[in-house]
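Let me begin by presenting the structure, written as structure tokens, before commenting on it.
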Amino acid sequence: SIVAAVRGAGAPASTVGVLVALLVLAPETVAAVRAAWLNRLQQSLNLALGSGIASIGLTIPVVAALSLAFDLPLMLGLNAKDTVLLALTVAVSTITLGAGVATVLQGVVHLVRFAVFLFTTVVP
């Protein structure tokens with residue numbers, strides 16, 4: 001299982017969530033990478049951000065509603081580092097999407113920020 005593989009690798013438990021998210025978003029990720037490879041950066045960002053926003057936009061409200069309905073505590077599990085990365089993601093995404101057209105530099109900034117997220121998830 002994914003949990004056993006993460007434990008075997010000695011990675012933190014938060015890595016399981018990242019791997020599950022990567023599996024769920026894999027089809028859109030492949031399409032986004034293919035679009036970027038064909039020099040269609042805007043289509044690539046639309047695919048990548050659209051699928052991520054849709055997944056989060058559906059998951060978080062459902063989990064929040066269920067926690068309220070069943071009187072369960074809701075913990076997002078964001079420490080200070082994750083909160084800073086989330087704020088940075090919102091700021092960078094606002095700049096990218098606000099312009100109406102994405103540039104290669106903006107795409108690279110998103111990739112670097114994602115690499116930082118992956119690194120700090122595996123090496124807290």
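The values are calculated or read from the model by the stated rules, or taken from the named source; none is laboratory data. Computed from a prediction, not measured in an experiment: that's the story for all the values here. Here the Cβ positions follow ideal geometry from the backbone for every residue, glycine too, while neighbour counts run over all protein chains shown. Each accessible area value is taken on the protein alone, full model and side chains, heavy atoms only, with ligands, DNA and RNA left out. Shrake-Rupley method; radii C 1.70, N 1.55, O 1.52, S 1.80 Å.
Just the accessible area per residue of the chain, please: how many Å² with a 1.4 Å probe? Before the final figure, lay out the partial values.
Details: 8640 Å² over 124 residues.
I get 70 Å² per residue for this part.
Quick one: length gained pulling Ala87 to Met75 fully straight, 0.36 nm per residue minus the C-alpha distance?
Residue separation times 0.36 nm, minus the Cα-Cα distance, leaves 2.5 nm.
Starting at 0 and stepping by 5 Å, how many percent of the alpha carbon pairs of the chain end up in each bin?
Pairs per bin, as whole percents: 2, 9, 15, 20, 20, 17, 10, 5, 2, 0.
Listed highest first by mean packing, meaning other Cβ atoms within 10 Å per residue, what order do 44-51, 85-92, 69-76, 11-18 come in?
Working: 44-51: 18.2, 85-92: 13.1, 69-76: 7.9, 11-18: 15.1.
Highest-to-lowest ranking by the protection proxy: 44-51, 11-18, 85-92, 69-76.
Under the rule of -39500 (n - 2.57) per DSSP H run of 4 or more residues, summed and divided by the residues of the chain, what mean residue ellipticity at 222 nm is obtained, to the nearest 500 deg cm²/dmol?
-26500 deg cm²/dmol
With +1 on each Lys and Arg Cβ and -1 on each Asp and Glu Cβ, how big is the dipole of the chain about its Cα centre, in debye rounded to the nearest 20? Working shown, then result.
On the way: 5 positive and 3 negative charges, 60 e Å.
Once rounded to the nearest 20, the dipole reads 280 debye.
May I ask you to compute the full-extension gain from Val116 to Ile53, defined as 0.36 nm times their residue separation minus their alpha-carbon distance, rounded to one decimal in nm?
Going from the current span to full extension adds 20.7 nm.
Starting from the 7 Å offset along Cα-to-Cβ, what nm value, one decimal, do you get for the label separation of Ser1 and Ala21?
According to this spin-label approximation, the distance is 2.1 nm.
Please work out the C-alpha center-to-center distance from the stretch 55-91 to the stretch 1-29 and express it in whole Å.
18
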